[in-house]
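Please treat every number below as a calculation from the coordinates, not as lab data. This is a predicted model, so every value here is computed, not measured. Glycine gets a Cβ as well: all are built from the backbone with ideal geometry, and neighbour counts include every protein chain shown.
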């Protein structure tokens, strides 16, 4: 797959990475009629074709998506749940709404320090009609939300009433909350933070080396001169 927001990348004979970096939605009627492909979307049909080509025992699904259509999210969740190998899902930014459901398919579910999840109830727009029709719409939305509640309850081990409360409140979860509630199985350190840590370690070693130079050399050499000497040796 070469779509900008949805692609597979085979890293080696053991692991394939899949990126979902856009909306989860099927093409609308006009797009299908004219054969227009939106590279910012992923739908279950396209997803199935791609996942059928995965030939590695490990699959890592990396998600950065605001979500999309409930039906497409549930279908992709089901497809991933049927994967025969080891499945890891990882948030690369946000996994919201239907994307949070897809995230739950992982046997390992990783949220980095910078990641967020968002869960809420199904909703609709442009509704009109009489009181009976509106009540029917509300009941339908409750039923549409139910599979997501079941998935979140099953995967997190939380009581249904807790999951419902979180969804009723349209809850945003940072990495610690995601781990606490059981949505995530682990938290990863951001690579940038790791790079900063490596830089701090180098600086610490540099300072210690400078102090060693000033201690071992003539007492007239100050730390500034020793630092210059050390840096010149490194060139």
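Some points to look at:
- Global form of segment 6-188, assessed from the alpha-carbon gyration tensor, a/c cut-off 1.5: oblate
- Fraction of beta bridges assigned by DSSP in segment 6-188 that are antiparallel (%, nearest 5): 25
- Peptides 158-171, 55-68, 79-92 ordered by average Cβ neighbours within 10 Å, highest first: 55-68, 79-92, 158-171
- Full-stretch length increase - residue 139, residue 189 - with 0.36 nm per residue and alpha-carbon distance subtracted: 13.8 nm
- Cα-projected label distance for residue 11 with residue 107, points at 7 Å along beta-carbon direction, nm: 1.5
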